[in-house]
1. With a Förster radius of 35 Å, plug the Cβ-Cβ distance of Arg19 and Lys209 into 1/(1 + (r/R0)^6) and report the FRET value to the nearest 0.05.
2. Specify the inter-centroid distance of the stretch 90-108 and the stretch 218-243, based on alpha-carbon positions, in whole Å.
3. Which aspartates and glutamates have a Cα less than 15 Å from the Cα of Lys250, not counting those fewer than 8 places away in the same chain?
4. Which of the GluC sites (Glu not before Pro) found in the stretch 155-225 are in a DSSP loop and have at most 14 neighbouring Cβ atoms, other than their own, within 10 Å?
5. Extent of the chain along each principal axis, from alpha carbon coordinates, in Å, largest to smallest?
6. Using just the helices of the chain, give the 222 nm mean residue ellipticity in deg cm²/dmol: DSSP H runs with n ≥ 4 each add -39,500 (n - 2.57), and the total is spread over all residues, rounded to 500.
7. Among Arg189, Arg149, Arg223, determine the one that fluctuates most according to a GNM of the chain built with springs between C-alpha atoms less than 10 Å apart.
8. What fraction, in whole percent, of alpha-carbon pairs in the stretch 133-220 exceed 18 Å separation?
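Bear in mind that the values in this text are calculations on the coordinates, not laboratory data. All figures in this text were calculated on a predicted structure; none of them were measured in a lab. Because the Cβ atoms are built from the backbone with ideal geometry, glycine has one as well, and the counts that use them run over all protein chains shown.
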Amino acid sequence: MKVEVVAGQFDDLDYEGFRKQAVENGLSRFERIGFPDSYRDGHEAAIFADIRAKLPALDGNGAVVLDIGAGCSDLPNMLITHCVSHGHRLALADSMEMLALLPDGEGVEKFAGRFPESADKIGAALGRADVILCYSVIQYTLADGILERFVDAALKLLADGGSMLIGDVPNVSMRKRFFASPAGRHFHRVFSGGNDIPVAGIGESEEGKVNDRVVLELLARARAAGAHAFVVPQADGLPMANRREDILIKRP
């Protein structure tokens, strides 16, 4: 039986919340990872293409790849298929409940447990990763109070010359700027089918949310750890490219 999704249902999720949603009856594969179907259904092939463009080692052969917070939508399934076909060694890190929803494959290893607590186990098994993907996850580490530990642990697992994509960052400052603009107001009218003006929230508190300050502090933290770090836009046409961005980290 399909469960009716109510407004705000996916707000304030944490690791335990996602564990429960992984086994909750009636949720779609997108709802289990915190998105209404309309935000992801039919879009994930384009999202994966954008990820591959930013992590070109995925299109090589024989890399060590780590996906932190893999989830259970089409995206990790695409990654599994791609990595198997390219001879990569792929590690998927998430809860046991989420990982049980993903298929196995040659060279695919699953590491159950909350990251960064699972980082030592992953490092002992894999060594260091050439590619690390963390997509639509970083906001939940902030809510959990583990953002800095999370990023530090991921950086320690990144090999020299490797790249990490912290993708789909919901920067509330970026969102405010967009909805305060003519383009944002037009987008809202088309999306809502009405003529009301969106509430941009300029001047409202951003406490506890990913904002410009958090993003820039992440860049500084990665650079202080010896890596290059950049804010990069999402490809045009992705479902939330007008209000989300990515952070690309590269070890020299």
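1. 0.95
2. When both Cα centres are located, 26 Å separates them.
3. Asp130, Asp152, Asp160
4. Glu204, Glu207
5. If we take the Cα atoms of the chain, the spans are 54, 48, 32 Å.
6. Only helices count here, giving -10500 deg cm²/dmol.
7. For the chain, modelled as a Gaussian network with Cα springs under 10 Å, the answer is Arg189.
8. Roughly 54 percent, rounded to a whole number.
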